[in-house]
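Undergrad: Got a structure here, written out as structure tokens. Questions coming.
The values are calculated or read from the model by the stated rules, or taken from the named source; none is laboratory data. Predicted model only: the values in this text are computed from it and were never measured. Reconstructed Cβ throughout: ideal geometry from the backbone, glycine too, with neighbour counts over all protein chains shown. Just the protein is used for accessible areas: all its heavy atoms, side chains included, with ligands, DNA and RNA removed. Shrake-Rupley method; radii C 1.70, N 1.55, O 1.52, S 1.80 Å.
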2 protein chains.
Amino acid sequence: MTTPPGLREQKKQATREALREAALRLAVERGPDQVRVEDIAEAAGVSPRTYNNYFASREQAIVAAVTADREARIAAAIAARPAGVRLAEAITEAVIQQYTNTSERDSEVLLLITSRTALRDAFLDTTAEIEPPLTAVIAQRLGDTGAQTARVLAASVAAAVRIALEGWLRPAGTAGATGSFGAAGLVVPSGSLSDQLRAALAPLAPAFDAAERRTP
Amino acid sequence: MTTPPGLREQKKQATREALREAALRLAVERGPDQVRVEDIAEAAGVSPRTYNNYFASREQAIVAAVTADREARIAAAIAARPAGVRLAEAITEAVIQQYTNTSERDSEVLLLITSRTALRDAFLDTTAEIEPPLTAVIAQRLGDTGAQTARVLAASVAAAVRIALEGWLRPAGTAGATGSFGAAGLVVPSGSLSDQLRAALAPLAPAFDAAERRTP
DNA sequence: CAGGAAAAGTGCGTGTACGCAAATTTGCGC
DNA sequence: GCGCAAATTTGCGTACACGCACTTTTCCTG
């Protein structure tokens, strides 16, 4: 059913990644406001029109360089957990694991992202991407009868993650200007990201428990 | 604290409504694709630039004509319910009440909205507007300790409503073309809107119960 | 009621988003 | 290998979104 990765699809992914990388590189080099779609397209070796076949806005390519494939990794992380544990717990831990897996580079880029409202919004919008794979994983656990329930719970998780991220990087936006920054570790505005995520997801746990109880 | 409605604010609301009405009227008259921002602005007696001070996209004004003030009405409806009933129930009923309160005109316009993807998306996006008032109402019931919980639950409700609406008007989009339509009642794709909303909100009830139990 | 600060409205310029149709590339069967 | 059907890329044209600086309106205070 799943077509073996043809050369066509391969090339498409290559183009997508080239655009992502070019966008991020240019944004870091010049500052996010000094990068036009035209520049990104040129750097990736495609036409500006093609850029918009891959990304619907200038910001998407930049944030995609950080969030790429996060949805798939979260879904895999959940599926990897033993079937015995509570669904709520499996999801919480999987989400935390993936979102705190930020490399050194990522943490630098996050500063850049928070520095522009448009970028920040685009970044937060990527939380919606985890919905489809999350829905699939949840539906699998709940059985076919709970398809609608799975969608609602997945969307709720995405919303909670979004809120956690907002809370986490809000104070960061108020302080620094565009230019230099430094410090050793991550920016730790109001509690660690792990704590924010745990706190945001906790209220949903009873809903997961009830859903699981209905189809054990 | 709350400034008495100055003449300034009054005029702003008047402009906003003028834009809404003009947008909807033109969209119905000519078809949604034959209406430019310039046209709407002219019909409302403001400059095109001012249009974008009120609405961030061409579609927003059109859908706003249908969804105007829905958030406030939902919040009021919840607050109006006796403090004794379950929060989950109060919210569910209030939401259903407000979303099924469609006038004759609204049902006609909904057909128009579903006929264009961009309009449909803009319409679904309006569900996010209920979050802030919903957060306030929920937070009030849960006490100040549950502020974060209130946000998450409110966002979950908004997500559930969105899913319900999607499911409700999906089949409607596949059938009819732009032009004529008729029939007596509302379009009833897959179950009534009430049923869709109830089904989408049901999975969240345990989360509300648990939150209430924590601060009774 | 005059003065002036704050807010809303406007014009302009730039970059963006995307429908459409033509040109190019890819993959498959022969 | 050949050629064709499907998918992708591209150019073009149009409309939109919005930052910025400037004008006009509102409304508060003395």
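Undergrad: Read through the list (1) within 8 Å of DNA strand C (Cβ to nearest atom); (2) open to solvent by 70 Å² or more (accessible area, probe 1.4 Å), then give the number of the only condition that A:Lys12 fails.
TA: Only one criterion is unmet by A:Lys12, namely (1).
Undergrad: For the stretch A:44-64, which residues satisfy the criterion of being near DNA strand D (Cβ under 8 Å from one of its atoms) and of a type in the set (A, V, I, L, M, F, W, C)?
TA: A:Val46
Undergrad: With the structure loaded, tell me whether B:Ala22 is modelled with pLDDT of 95 or more, within 16 Å of DNA strand C (Cβ to nearest atom) and buried (at least 17 other Cβ atoms within 10 Å of the Cβ) or whether it fails that test. Quick ask: steps written out before the conclusion?
TA: On the way: modelled with pLDDT of 95 or more: yes; within 16 Å of DNA strand C (Cβ to nearest atom): yes; buried (at least 17 other Cβ atoms within 10 Å of the Cβ): yes.
Yes.
Undergrad: Would you confirm whether or not the stretch B:146-154 contains a residue that is touching a helix residue (DSSP H, G or I) at 6+ places or on another chain (Cβ under 6 Å) and either more than 14 Å from chain A (Cβ to nearest Cβ) or modelled with pLDDT under 85 (or both)?
TA: no
Undergrad: Looking at A:Ala61, A:Ala88, A:Ala56, which one is under 20 Å from the mean Cα position of the chain (by Cα), part of a loop (DSSP other than H, G, I, E, B) and either within 16 Å of DNA strand C (Cβ to nearest atom) or within 14 Å of chain B (Cβ to nearest Cβ) (or both)? Spell out how you get there, then give the answer.
TA: Numbers: A:Ala61 fails: part of a loop (DSSP other than H, G, I, E, B); A:Ala88 fails: part of a loop (DSSP other than H, G, I, E, B).
A:Ala56 is the lone residue from the list that is under 20 Å from the mean Cα position of the chain (by Cα), part of a loop (DSSP other than H, G, I, E, B) and either within 16 Å of DNA strand C (Cβ to nearest atom) or within 14 Å of chain B (Cβ to nearest Cβ) (or both).
Undergrad: Tell me, yes or no, whether the stretch A:72-95 has at least one residue that is in contact with an Asp or Glu (Cβ under 8 Å, 6 or more places away or on another chain), within 24 Å of A:Ser194 (Cα to Cα) and not aliphatic (A, V, I, L, M).
TA: yes
Undergrad: Which one of these does B:Ile130 not meet: (1) within 13 Å of chain A (Cβ to nearest Cβ); (2) in contact (Cβ under 8 Å) with a residue 40 or more places away in the chain; (3) over 16 Å from B:Asp69 (Cα atoms); (4) aliphatic (A, V, I, L, M)?
TA: (3)
Undergrad: For the stretch A:195-208: of the residues being at the interface with another protein chain (Cβ under 7 Å from one of its Cβ atoms) and open to solvent by 20 Å² or more (accessible area, probe 1.4 Å), which is farthest from A:Thr127 (Cα to Cα)? Lay out the reasoning, then the answer.
TA: So in the stretch A:195-208, the residues at the interface with another protein chain (Cβ under 7 Å from one of its Cβ atoms) come out as A:199-200, A:203-204, A:206-207.
Right, trim to open to solvent by 20 Å² or more (accessible area, probe 1.4 Å) and you get A:199, A:206.
Values: A:Ala199: 17, A:Pro206: 22 Å.
So the residue we want is A:Pro206.
Undergrad: Among (1) more than 25 Å from B:Val157 (Cβ to Cβ); (2) at pLDDT 95 or above, where does B:Val95 come up short?
TA: (1) is the only condition that B:Val95 fails.
Undergrad: Any residue in the stretch A:29-43 that is open to solvent by 80 Å² or more (accessible area, probe 1.4 Å), in a helix (DSSP H, G or I), touching a residue at least 12 places away in the same chain (Cβ under 8 Å) and within 11 Å of DNA strand D (Cβ to nearest atom)? Outline the logic, then answer.
TA: In the first step, residues of the stretch A:29-43 are kept if they are open to solvent by 80 Å² or more (accessible area, probe 1.4 Å); the result is A:29-30, A:33-34, A:36, A:38, A:42.
Now drop any that are not in a helix (DSSP H, G or I), which leaves A:29-30, A:33-34, A:38, A:42.
Then keep just the ones that are touching a residue at least 12 places away in the same chain (Cβ under 8 Å); that gives A:33.
If we keep only those that are within 11 Å of DNA strand D (Cβ to nearest atom) too, we end up with A:33.
Yes.
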